[in-house]
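Just below is one structure, and these are the notes that go with it.
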Amino acid sequence: MKKTTNYAMVLGALLVTAIILVAADHIDAPGSMGTTADIADYFAFEPTTGSDNTTFIVDLQSDVLPDLAFGTFDEDVLTEINIDVDGDLVEDLVIQAIPRDGTMYFFGPVAPSQTGLSSSVLTNSPLGNVEISGSTAIVETTANNVKLFAGPRQDPFFFDFFQFNAVISPELDSAPGGFLPPDEATDTFDGANTLSIAIELPNSLLGAPTATNALGLNVYNTWVTTNRKQ
């Protein structure tokens, strides 16, 4: 999916206005595939059963290895977590993250100035910031009990890529046994990283969830987008 978006951003002494962006919602989107705007994974969950908090994790880029060009957050990419609290599948709140000079800055959760394809960086609603981690994880906890993290983490995707290719090969005898059991499969992504943005915050900042999942639990409708400056 390809979108064109405008946003205005003020961060510290930086002023940028009327920036054209291309947004994408997954790694296979033509507008972002193979770029620093790729969304590899998105998770939203209770950190513990019955918790009054919600954790959001966005993994950007995949196969982040030391010898590849991608290995740092792109300062031209805005990550936006969209949250629908009234069930109409339109974002009521957004949480934004954007890197600058080794620090990830967070804004929200607050109602966006406009919904849909256009977005504005919500510099009047700072949530906090955290130094982007290296080999040692750095977690910042704000005064209102929001926990923030940004940095490389082990790719959570377990996938035996070569066995998968053998199974789907037109040669019927390529993998007569099909997929391998877990103790025999090879995690092709072992040793690869993604660049993660993690936020844990009290549900009181989001309001009561109105959606219901397959287990009958009350949840938020939520999705993530990335926006690239053009």
- Query: Do you know which residues across segment 152-207 are open to solvent by 60 Å² or more (accessible area, probe 1.4 Å), not in a helix (DSSP H, G or I) and not charged (D, E, K, R)?
  - Reply: Gln154, Pro156, Phe157, Phe158, Pro170, Leu172, Pro176, Gly177, Phe179, Leu180, Pro182, Thr186
- For Gly128, indicate whether it is small (Gly, Ala, Ser), outside any helix (DSSP H, G or I) and either in contact with a helix residue (DSSP H, G or I) (Cβ under 6 Å, 6 or more places away or on another chain) or over 21 Å from Thr54 (Cα atoms) (or both). no
- Message: So in segment 61-82, with the set limited to residues that are modelled with pLDDT under 90 and touching a Phe, Trp or Tyr at 6+ places or on another chain (Cβ under 8 Å), which one is most open to solvent (accessible area, probe 1.4 Å)?
- Response: Asp63
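Kindly provide the set of residues from segment 104-120 that are in a loop (DSSP other than H, G, I, E, B) and at pLDDT 90 or above, ordered by number.
If we filter segment 104-120 for residues that are in a loop (DSSP other than H, G, I, E, B), which is where we start, we get 111-120.
Matches in segment 104-120: Ala111 only.
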- Item | segment 221-230 - residue that is of a type outside the set (S, T, N, Q) and buried (at least 20 other Cβ atoms within 10 Å of the Cβ) and, of those, farthest from the chain's Cα centre (by Cα) | Arg228
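Tell me, which residue of segment 96-106 that is open to solvent by 10 Å² or more (accessible area, probe 1.4 Å) and over 15 Å from Phe149 (Cβ atoms) is farthest from the chain's Cα centre (by Cα)?
Step one: filter segment 96-106 for residues open to solvent by 10 Å² or more (accessible area, probe 1.4 Å), giving 100-103, 105.
Within this subset, residues satisfying the condition of being over 15 Å from Phe149 (Cβ atoms) are 100-101.
Numbers: Arg100: 17, Asp101: 20 Å.
Residue satisfying both the conditions and the ranking: Asp101.
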- Message: Against the condition crowded, with 18+ Cβ neighbours inside 10 Å, over 24 Å from Pro109 (Cα atoms) and at pLDDT below 90, how does Thr35 come out, does it pass?
- Response: yes
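The values are calculated or read from the model by the stated rules, or taken from the named source; none is laboratory data. As the structure is a prediction and not an experimental result, all values here were calculated from the model. Positions of Cβ are generated from backbone atoms using ideal geometry, with glycine treated the same way; all protein chains shown enter the neighbour counts. For the accessible areas, the whole protein counts, side chains as well, though only heavy atoms, and no ligand, DNA or RNA atoms are used. Shrake-Rupley method; radii C 1.70, N 1.55, O 1.52, S 1.80 Å.
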